[in-house]
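What follows is one structure encoded as structure tokens, with my remarks underneath.
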């Protein structure tokens, strides 16, 4: 029963995330999905946005993937400067060993925008709650779990350092049904569309 409940929550989360991402990506864009996993979110984005093309990179090879995925070292993206119109990254940066470097790499390979969904440390017990969610969702897949979550101020500073402007930011995502939302949402998640400053 617990496994079934986890599957239902996971399915809802994937659908909700895909909806937000599909609403934020620019029109007629070539998109790089950084940390694509099995590509399921990207596949749902493509279903909603047939004007897009999406390729992925990831540090782990999956037996099956819903989009083409290339392996990379988790730091340096194996694509050229401005090769893509946009990039997307969903719950990946807090797993990276070189977080600022990976953000810089994403900026390097895009011409227009980055859509990023991640966590933010906010309020009491934020870190242990995020660590628990991370462990439940990723430990069985062998995903690195450094539990490196940023505060809102750290996110804003990282964006400013890279001359990325926040064109759209959402903090009420509706990822979890009630009553799980009362524990696992609480302002701990955000999704933002970042644009390169001229």
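The values are calculated or read from the model by the stated rules, or taken from the named source; none is laboratory data. What you are looking at is a predicted structure, and each value in this text was computed from that prediction instead of being measured. Note that we place each Cβ from the backbone using ideal geometry, even for glycine, and neighbour counts take in every protein chain shown.
Tally up the residues in the stretch 30-45 that are surrounded by fewer than 21 Cβ atoms within 10 Å (Cβ to Cβ) and closer than 22 Å to residue 107 by Cβ, please. Count: 1.
Assessment of the stretch 128-136 against the conditions (buried (at least 19 other Cβ atoms within 10 Å of the Cβ), on the phi < 0 side of the Ramachandran plot and at pLDDT 95 or above) yields no matching residue.
The requirement of being crowded, with 20+ Cβ neighbours inside 10 Å and either in contact with a helix residue (DSSP H, G or I) (Cβ under 8 Å, 6 or more places away or on another chain) or at pLDDT below 95 (or both) is fulfilled nowhere in the stretch 3-11; no residue meets it.
Against the conditions (1) closer than 19 Å to residue 90 by Cβ; (2) without any contact (Cβ under 8 Å) to a residue 40 or more places away in the chain; (3) part of a helix (DSSP H, G or I), residue 157 satisfies every one except (1). Only one of the numbered conditions (1) farther than 20 Å from residue 95 by Cα; (2) outside any helix (DSSP H, G or I); (3) without any contact (Cβ under 8 Å) to a residue 60 or more places away in the chain is not met by residue 186, and that is (3).
Residues that are in contact with a strand residue (DSSP E or B) (Cβ under 6 Å, 6 or more places away or on another chain) and either in contact (Cβ under 8 Å) with a residue 60 or more places away in the chain or under 18 Å from residue 93 (Cα atoms) (or both) within the stretch 18-34 comprise 20, 21, 24, 25, 26, 29, 31, 32, 33, 34, listed in sequence order. For residues in the stretch 144-162 being modelled with pLDDT of 85 or more and in contact with a helix residue (DSSP H, G or I) (Cβ under 8 Å, 6 or more places away or on another chain), which is surrounded by the most Cβ atoms within 10 Å (Cβ to Cβ)? Checking each candidate, the answer is 149.
Considering only the stretch 73-104, how many residues are in a loop (DSSP other than H, G, I, E, B), surrounded by fewer than 18 Cβ atoms within 10 Å (Cβ to Cβ) and on the phi < 0 side of the Ramachandran plot? Residues flagged as in a loop (DSSP other than H, G, I, E, B), surrounded by fewer than 18 Cβ atoms within 10 Å (Cβ to Cβ) and on the phi < 0 side of the Ramachandran plot within the stretch 73-104 amount to 9.
Of all residues in the stretch 117-143, how many are in contact with a helix residue (DSSP H, G or I) (Cβ under 8 Å, 6 or more places away or on another chain), in a loop (DSSP other than H, G, I, E, B) and without any contact (Cβ under 8 Å) to a residue 60 or more places away in the chain? Number satisfying all stated conditions: 0.
Does residue 18 qualify as being at pLDDT 95 or above, within 16 Å of the chain's Cα centre (by Cα), buried (at least 20 other Cβ atoms within 10 Å of the Cβ) and over 25 Å from residue 185 (Cβ atoms)? No: the conditions fail for residue 18.
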